[in-house]
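Here's the structure we're looking at; comments come further down.
The values are calculated or read from the model by the stated rules, or taken from the named source; none is laboratory data. Here the structure is a predicted model, which means the values were calculated and not measured. We place every Cβ from the backbone using ideal geometry, glycine too, and count neighbours over all the protein chains shown.
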Amino acid sequence: MLFLRGAERLPVFFEYILENMKQLLTAIAFFGLFQLGAQELPSTMLKTLDGQSINIQDAISDEGPTVISFWATWCKPCIKELTAFMDYAIDLEEEVGAKVLAVSIDDSRNSARVAPMVQGQGWEYTVLLDENQDLKRNLGIVNVPFTLVLNKEGEVVWKHSGYSPGDEEELAEVVEEVAAGHHPSH
Amino acid sequence: MKRLLLFAWAICSATASFAQEQNTFGGQLHGNFQLDGQLYLRDESIDPTGEFYPDERFLGQGYANFVYTDGNFSSGLRYENYQNVMLGFPEGYRGEGITYRYLQFKQDGLDITVGNFYEQFGTGMVFRSYEERGLGYDNAMDGVRIKVNPVSGLSLKAVMGRQRFYFEKSPGLLRGIDAEYNLSKELFPKLDSAGLRWTIGGSYMSKYQRANDPFLVLPENVAAGGVRTQVSKGPWSMQVEYAYKANDPSADNGYIYKDGNGILANVSYSKNGLGIIAGVKRIDNMSFRTDRNGSTIDMLVNYLSPTAQVHTYALPALYQYATQINGEEGIQLEANYKFKRNTTLGGKYGTLLSVNYSVVQSIDKDYVDPALDTLRTLQGYYSDPMMRGDIPYFHDFNVTLSKKINKKLKVNAMYLNLFYNRSVLEDGLGDESILLNPDGQKLMSGDILILESLYKVKRKHYLRTEFQHLSTKDDRGSMAMALAEYSIAPHWFFSVQDIYNYGNPDEAQRLHYPLASVVYTAGTSRFQLSYGRQQRGIFCVGGVCRVVPPSNGVSFSLTTSF
C-alpha cells in the first residue's frame, strides 16, 4: 500500500525524463564526437609499494596484453574482482604473456594498508599507487573498480567499469583475444 | 582569468577533434559523465511530518569532466548541475556552472598548473585538497601549483590559491610548500646494499584570512607545518608523520588560542600471505579551515584520516566512524592471512582470515576555568599526551573468514563487535558538555553477524546472497537483513533486499526497508534504476561522512566514461 501512494507521481518522473531527453542526447552525441579510436595512456607518475616513482607508460608490457585494474582497500567489489581474477591471471601470464597491474587509488594514509592487504589476499599482481588519483583523473574514471586492457602496442582496446561476479570470465576472454591480435568483440 | 582559461580549453578541444582526423597532434581526450535523480514518494511511516519530503518531488544532479592531454600539456574542466541538490548532499550545491578548469604544462623540468588542482602534502595532516563527488566533498584549489625535481630523488611542490566553497571561493588564502626526499641509491649506496628504502619529507602551509572582531584579536595568518618519514626494509615498513598548527581560534574549537598538533604512525609487515599493520594516532585541536567560521565539511585545509575500517556491508555501515578533528586518540590493528592450499585450515583452495581492531577515544583535557583565566590566555584547556581521555568514541573488532568451498560456491562469514558514541558521532557534542553530564550520553553497542555466499549457477551467471543481523538494545534496536543479487556477466545485474528493523523500541517504527535495483552495464557505461525505502543513515567515504535522511522513491543513476 505504501508504495502505491507514489504511483501517481510516476508520470511526473517520465515527463522530466522526456523534457531532458534532448539535452541528454546532445550530451551523448558530444561524447561520441570526441571518442578517439586508439588511445594510449597519458604519461602519469605513480609510486611502487616501496616509494619509488614510475611512469605508467614504463610499467606496461610491450610483449603481451596488459590489464590495468583500478582498486582501493575500502572497495569491496574491487577486492572481489582481483581475488576472482587471480585464478585466470596465473594462466594468462603463462599462456599469453599477459601482465596485470593493480593500481590502488588509496590516499597516502590508506596506502600503508595496501601492501599488507595484497599479501593477506595472496595476490601476485604488480601493485602501483595512484595516491593523488592523477591517473584516475587523466583517464576520466568515475569510480572503482575500473578495468582497462591494453594491447602490446600500448593502445587501450577495452574498458569496463564496475564489477559483478562473472565479469572476470569476460575479462579473461578479452585478454586472450587481444593476445591473439584481435580487437575484442564485446 | 576564467574566460581566458575557457577560451584556451575550447581551442584544445577543437585541436582534439581535429587531431582525430589528422592524427598529427596525438593528444587524448578523456572524460566522464554522471547523472543521478530521484523521484521522492511521500511515506508517512518513515517521515510522519513530511519534514524530509522535498518540495520539488524530483531532485536531480549531474556533472561531466573532460581532460585533454597532449605530451607535456594537459587541460580539463568540469561542469556541474544541481536541479536541485539531492537529499543528504550539502545544501550549498544549488544551481549549475563550470566549477573546475585548469591548464598544466611541463617545461624545463618544471611542472606548472594554473587554475584548479588537487594536491596533498604527505598524508594530508597539513594540506590535502581532494574531491569525493559521491559525497559532495570538494575543496579543490584555485590558483597556481609548481612542481620541480631539482636533483634525483628530491621533489618540491609549491601551491598558492583559494579553496572551492560550493559555487564560491573560500574567504581565506593558502600558500604552502612541500619537500620530499627519497634517499637515492647513487648518493647512499650503503642504504641500498642494506636493502633499506628511506624517504623523508616536510611541509609548511600558511593561511590568511582577514579578521575584524570587536572582542578578540584574531590571528590573520595561521601557519601549520609537518615532518614525515617512511622507512622500509624487506617485508617491514614504517611511516611516521607529525604536524603542528599555530593558534587558530575558530568556530570548531570555540575560539580558543591553543596550538594544535597531531601524530600518526604505522608499522607493517607483509610477506608470504601474511599482512599485518599496526597504527597509532593522536590529534589535538587540528581543525584547519580557510574560514575560521566554517563548519561540517566546508573549506577544510587538511585531512585527518580515520583509523577505523571502512565497512561496505549495509548494517555495519549504519555506524561508521568519522574523525573528530578537535581531538581524538586511537589505535588500529589489522591482520590478513591466507592459509595455504592443501593444509588443514586451507583446504583445497586456501582460506583467508582477516582480523581488525580499532578503538578511538577522547584526549585528556584539563579545562581552564574562564573566571580564573585572569591573564586572558584563552587556552581553553591543557592536554597531557601521556594521559588517556575519559570519553570512549568508538570501537570495532571484527573477524572475517573467506573460503572457496568448491568450484561453484564461495562463502564469507563476518563477526563484528561495535561500540559507537552517538552523542559525539551523530550529534557532534563537544567533550566539555559530555563531561558535565556523562549520564546523558547516547551510546550504542551491538554485535553483527554476516553470512555471504556466491554461487555460480552456470557460466557467467552468479547468485550472491547476504544475511546480516545486528543485535542491540540501543538506538534503533535489532535489525535483520537479507539480500539476493543475480548477475549475468557482462551486462545485467538484479538485486532485491530487505532490512527489517524488528527490534525498534518504538513499535510504530518496526518497519521493513525493501529495495530493488536493476543495473545495466555496457563497457564503461552503467545505468541503475532502484525503487524502495531507505532508512536514515550516515554515508561515508574515506572517513568523511554525511547524514542521509530517510527516503522512499524511484532513483536512477547513469555514469559513463571515455
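Restrict the check to the stretch B:180-198 and report whether at least one residue is under 25 Å from B:Phe288 (Cα atoms), touching a strand residue (DSSP E or B) at 6+ places or on another chain (Cβ under 8 Å), hydrophobic (A, V, I, L, M, F, W, C) and in contact (Cβ under 8 Å) with a residue 12 or more places away in the chain.
Filtering the stretch B:180-198 down to residues under 25 Å from B:Phe288 (Cα atoms) leaves B:180.
Narrowing further to those that are touching a strand residue (DSSP E or B) at 6+ places or on another chain (Cβ under 8 Å): B:180.
Within this subset, residues satisfying the condition of being hydrophobic (A, V, I, L, M, F, W, C) are none.
No - not one qualifying residue is present in the stretch B:180-198.
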Name the single residue that is surrounded by the fewest Cβ atoms within 10 Å (Cβ to Cβ) among those in the stretch B:266-286 being within 13 Å of chain A (Cβ to nearest Cβ) and on the phi > 0 side of the Ramachandran plot. B:Asn272
Given (1) surrounded by fewer than 22 Cβ atoms within 10 Å (Cβ to Cβ); (2) touching a residue at least 24 places away in the same chain (Cβ under 8 Å); (3) in contact with a helix residue (DSSP H, G or I) (Cβ under 9 Å, 6 or more places away or on another chain); (4) within 30 Å of B:Tyr130 (Cα to Cα), identify the lone condition not met by B:Ile363. (1)
Exactly one of B:Tyr321, B:Tyr313 is surrounded by 22 or more Cβ atoms within 10 Å (Cβ to Cβ), within 14 Å of chain A (Cβ to nearest Cβ) and among the aromatic types (Phe, Trp, Tyr), and that residue is B:Tyr321
Could you pull out the residue among B:Ile297, B:Ile263 that is assigned to a loop (DSSP other than H, G, I, E, B) and either more than 11 Å from chain A (Cβ to nearest Cβ) or over 22 Å from B:Asn336 (Cα atoms) (or both)? B:Ile297
B:Gly553 being more than 11 Å from chain A (Cβ to nearest Cβ) and buried (at least 17 other Cβ atoms within 10 Å of the Cβ): no
Considering only the stretch A:85-110, state which residues are over 15 Å from the mean Cα position of the chain (by Cα) and closer than 30 Å to B:Gly134 by Cα. A:Met86, A:Asp107, A:Ser108, A:Arg109, A:Asn110
Here the residues within the stretch A:122-176 that are crowded, with 21+ Cβ neighbours inside 10 Å, among the aliphatic types (A, V, I, L, M) and over 19 Å from A:Thr44 (Cα atoms) are A:Leu171, A:Val174, A:Val175
Hits in the stretch A:133-157 (condition: facing another protein chain (nearest Cβ under 8 Å) and in contact (Cβ under 8 Å) with a residue 24 or more places away in the chain): A:Gln133, A:Asn138, A:Leu139, A:Ile141, A:Phe146
Filter the stretch B:1-52 down to residues that are among the polar types (S, T, N, Q), at pLDDT below 80 and within 30 Å of B:Phe89 (Cβ to Cβ), then give me how many there are. 1
For the structure I just gave you, tell me whether B:Leu300 is touching a residue at least 40 places away in the same chain (Cβ under 8 Å), surrounded by 21 or more Cβ atoms within 10 Å (Cβ to Cβ), out of contact with any His (no Cβ under 7 Å at 6 or more places or on another chain) and farther than 24 Å from B:Gly446 by Cβ. yes
If you go through the stretch B:373-391 one residue at a time, do you hit one that is closer than 28 Å to B:Thr465 by Cα and not hydrophobic (A, V, I, L, M, F, W, C)? no
Taking the stretch A:61-113 as the region of interest, how many residues are closer than 30 Å to B:Thr323 by Cα and assigned to a strand (DSSP E or B)? 6
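In this structure, does B:Leu353 turn out to be in contact with a Phe, Trp or Tyr (Cβ under 6 Å, 6 or more places away or on another chain), within 30 Å of B:Leu409 (Cβ to Cβ), part of a loop (DSSP other than H, G, I, E, B) and not small (Gly, Ala, Ser)?
So B:Leu353 fails the test.
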